[in-house]
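Heads up, the thing below is written out as structure tokens.
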Amino acid sequence: MPYADEDDYDVEPVRGLPELPPPGEKILWQGAPTVWRAAVDIYRLNWILGWFAFLAGWRGIAAETSDAAGSAIFWSLLAGGIATAILFVMAWATAKTTVYTITNRRVGMRIGVALTLTLNLPHQWIDSADLRLRKQGAGDIALKMKGDTKLSYLVLWPHARPWKMNPAIPMLRGLENVQEVAGILGEAAKARIAEVGDAPVHTAPQPETTSQPQGDLAPMPAE
């Protein structure tokens with residue numbers, strides 16, 4: 001499976017990577033979800049706000065007196081404010097600790113808040129990359145792995161395609177200018193496949209295992 005390294009990012013030789021890239025490897029792009037995109041796209045802040053707004057309105061209408069209605073609305077909005085604050089803290093922590101890296105040889109994912117680790121996904125292990133485009137040019141890129149490569153959904157979350165658990169699918173989430181990132185990834189993958197050639201993917205592939213070329217990024221169907 002793709003190898004994961006426990007990593008204290010305070011002592012990283014290169015931001016987002018557990019070690020210096022080997023000779024010939026170049027970093028093409030690095031990024032992470034913004035706090036706002038993490039809050040909205042990952043932790044569904046808009047859904048939470050909508051729910052508490054509905055709850056406040058419904059309880060206000062159902063109350064028998066104006067005083068009871070005011071109290072019901074107040075407590076509902078207070079609960080919504082607390083939930084929003086918690087989600088923003090989670091979004092901030094996710095954005096602060098995440099670094100996605102695309103090089104000419106791999107995709108790196110430094111993820112994790114309590115336990116930080118780095119996943120290294122060589123381009124030739126990736127079967128397809130699906131693009132989900134959101135508003136204002138933001139979006140996600142899901143990376144479907146080849147062969148018998150297995151990843152844990154719990155280890156990846158929230159950097160995994162929602163509800164796809166067997167197998168789990170790594171996802172670069174909450175990216176601004178996601179189409180630009182998708183273009184960089186697609187070109188890097190094509191170049192790497194052309195460089196290393198064609199070889200089968202095994203259950204426990206080695207760093208230079210190769211296989212069929214990856215195609216262009218395709219739009220991800222709505223879920």
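The values are calculated or read from the model by the stated rules, or taken from the named source; none is laboratory data. All figures in this text were calculated on a predicted structure; none of them were measured in a lab. So basically every Cβ, Gly included, is an ideal-geometry build from the backbone, and we count neighbours across all protein chains shown. Side chains are part of the model used for accessible areas, which takes the heavy atoms of the whole protein and leaves out ligands, DNA and RNA. Shrake-Rupley method; radii C 1.70, N 1.55, O 1.52, S 1.80 Å.
Structure above, values below:
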{"item": "Residue in region 105-115 that is of a type in the set (A, V, I, L, M), at pLDDT below 90, surrounded by fewer than 16 Cβ atoms within 10 Å (Cβ to Cβ) and farther than 15 Å from Pro18 by Cβ present", "result": "yes"}
{"item": "So Ile48, is it within 20 Å of Leu143 (Cα to Cα) and of a type outside the set (S, T, N, Q)", "result": "no"}
{"item": "His123 being surrounded by 16 or more Cβ atoms within 10 Å (Cβ to Cβ) and within 15 Å of Gly31 (Cα to Cα)", "result": "no"}
{"item": "Filter result (part of a loop (DSSP other than H, G, I, E, B) and either touching a Ser or Thr at 6+ places or on another chain (Cβ under 8 Å) or among the hydroxyl-bearing types (Ser, Thr, Tyr) (or both)) within region 126-150", "result": "Lys146, Gly147, Asp148, Thr149"}
{"item": "Test result for Ala222, at pLDDT below 80 and either under 27 Å from Lys135 (Cβ atoms) or open to solvent by less than 70 Å² (accessible area, probe 1.4 Å) (or both)", "result": "yes"}
{"item": "Ala53 being farther than 27 Å from Tyr153 by Cα, modelled with pLDDT under 85 and aliphatic (A, V, I, L, M)", "result": "no"}
{"item": "Failed item, numbered, when Leu172 is tested on (1) touching a residue at least 60 places away in the same chain (Cβ under 8 Å); (2) touching a Lys or Arg at 6+ places or on another chain (Cβ under 8 Å)", "result": "(2)"}
{"item": "Filter result for Ala91 (in contact with a Leu (Cβ under 8 Å, 6 or more places away or on another chain), closer than 25 Å to Arg173 by Cα and surrounded by 15 or more Cβ atoms within 10 Å (Cβ to Cβ))", "result": "yes"}
{"item": "In region 151-182, the residues that are among the basic types (Lys, Arg) and either surrounded by fewer than 16 Cβ atoms within 10 Å (Cβ to Cβ) or assigned to a helix (DSSP H, G or I) (or both)", "result": "Lys164"}
{"item": "Cross-chain or 6+ apart pairs with Cβ under 8 Å, region 86-99 first and more than 13 Å from Trp36 (Cα to Cα) and modelled with pLDDT of 95 or more, then in a helix (DSSP H, G or I) and of a type in the set (Phe, Trp, Tyr)", "result": "Val99/Tyr9"}
{"item": "Residue ID - farthest from the chain's Cα centre (by Cα), chosen from residues in region 133-150 that are under 12 Å from Gly174 (Cβ atoms), touching a residue at least 60 places away in the same chain (Cβ under 8 Å) and open to solvent by less than 30 Å² (accessible area, probe 1.4 Å)", "result": "Ala138"}
{"item": "Count of region 15-48 residues which are surrounded by 14 or more Cβ atoms within 10 Å (Cβ to Cβ) and at pLDDT below 85", "result": "1"}
{"item": "Count of region 56-85 residues which are assigned to a helix (DSSP H, G or I), modelled with pLDDT under 80 and surrounded by fewer than 12 Cβ atoms within 10 Å (Cβ to Cβ)", "result": "3"}
